[in-house]
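Below you'll find the structure, written out as structure tokens, and then a few comments.
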Amino acid sequence: MAEPDYSRGAACIDGQFMPVGEARIPITDWGYRRSDVTYDVVGVWGGAFFRLDDHIRRFRASMQSLRMEPAESDDDIRAILTRCVQLSGLREAYVAMDCLRGRPLPGKPYHPVFARNYIAAYAIPWVWVASPEMQQRGAHLVVAKTPRIATESVDPTVKNFHWGDLTRGLFEAYDQGADFAVLPDADGNLTEGPGFNVFIVRDGAVATPDRGALEGVTRASVLELCAELGLPCAVRPVSMDEVREADEIFLTTTAGGIMPASRIDGRIMNNDRPGPVSARLRECFWQKRAEGWHATPIDYAAL
Ligand SMILES: Cc1ncc(COP(=O)(O)O)c(C=O)c1O
């Protein structure tokens, strides 16, 4: 038998490791059929995880909120993710962990409480939500007409695949020749966008929503950086009018870091380039990452 080829990434489905191209989930799984799944994504940069414990903590909280109880402990999950990266050999990787509902066990009632929940994970080459070129010029944003799904229906702090509204937002942006949409809530306040948190800068003060959004790990890093750099930063309701009139806007996500914007609804900010506060935060973020900030190095030889 030929050696498995992990060059495109490695996966682990319910305890079994395999090349990522061979990873499958059953078509009858409620994780797929009902989007009854939660997930998290941690980045590997320069051969080290970034804020691994924070991602695993949020993943566990998401699972508990959805009443999912896979057999794996946090240490088991850490070991699975590490092994996926080791197998792939990737120094820069996008590392996903999912917990799927499964489906009710044979002979049991057709109810999620009777399902056996399990973990799927994979490591693939690093993914940029916004390419480095787009980050240089600044992303072009639109304010979506589609509001974010109500938090009373789907808790946005539980990382989920209910992406119908976010995907609609992406098509709204596409139809207007823009890159991304930012979504309001029903009260006209900013929430987040497809795969990222949103920050505004006005008169040198930074702000990001206190509700309606995932508590992003990159967002937490920005809050730390602002404190360190002495930049005023508030976590509070942010109205869409503030977004439309902001001096600067930037987006944050694991698969991209701090991504400056340069246009909102066609209005040009900062001469069509990233603003000074966004650029400073982005530079500082990657500088500190290169110095090992919140890093968990991976021992590739220990496979
Ligand atoms: C909807 C949504 N908001 C925000 C984020 C950013 O979170 P993090 O910085 O932890 O990657 C993500 C990341 O995938 C996301 O999907």
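The values are calculated or read from the model by the stated rules, or taken from the named source; none is laboratory data. Not measured: the values here are computed from a predicted model. Cβ placement follows ideal geometry from the backbone for every residue including glycine, while neighbour counts extend to all protein chains displayed. These area figures cover heavy atoms from the full protein model, side chains too; ligands, DNA and RNA do not enter into them. Shrake-Rupley method; radii C 1.70, N 1.55, O 1.52, S 1.80 Å.
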In the stretch 53-74, is there at least one residue being open to solvent by less than 10 Å² (accessible area, probe 1.4 Å) and either at pLDDT below 95 or not hydrophobic (A, V, I, L, M, F, W, C) (or both)? yes
Sole residue being of a type in the set (Gly, Ala, Ser), part of a helix (DSSP H, G or I), away from the ligand (no atom under 16 Å from the Cβ) and open to solvent by 20 Å² or more (accessible area, probe 1.4 Å), chosen from ALA227, ALA186, ALA234, ALA220: ALA227
Within the stretch 99-106, does at least one residue satisfy the condition of being out of contact with any helix residue (DSSP H, G or I) (no Cβ under 9 Å at 6 or more places or on another chain) and either part of a loop (DSSP other than H, G, I, E, B) or surrounded by fewer than 18 Cβ atoms within 10 Å (Cβ to Cβ) (or both)? yes
Could you tell me which of the residues ALA96, ALA121 is touching a residue at least 60 places away in the same chain (Cβ under 8 Å), open to solvent by less than 30 Å² (accessible area, probe 1.4 Å) and in a strand (DSSP E or B)? ALA121
The stretch 25-39 residues that are over 19 Å from ALA121 (Cβ atoms), paired with ones that are at pLDDT 95 or above and part of a helix (DSSP H, G or I) (beta carbon under 9 Å, 6 or more apart): ILE27/ARG33; ARG34/PRO112
Residues (within 16 Å of the ligand (Cβ to nearest atom) and of a type in the set (A, V, I, L, M)) located in the stretch 152-183: VAL154, VAL158, LEU166, LEU170, ALA173, ALA181, VAL182, LEU183
What are the residues in the stretch 221-251 that are of a type outside the set (Asp, Glu) and out of contact with any strand residue (DSSP E or B) (no Cβ under 9 Å at 6 or more places or on another chain), if any? LEU229, GLY230
Within the stretch 160-174, how many residues turn out to be open to solvent by less than 30 Å² (accessible area, probe 1.4 Å) and not in a helix (DSSP H, G or I)? 1
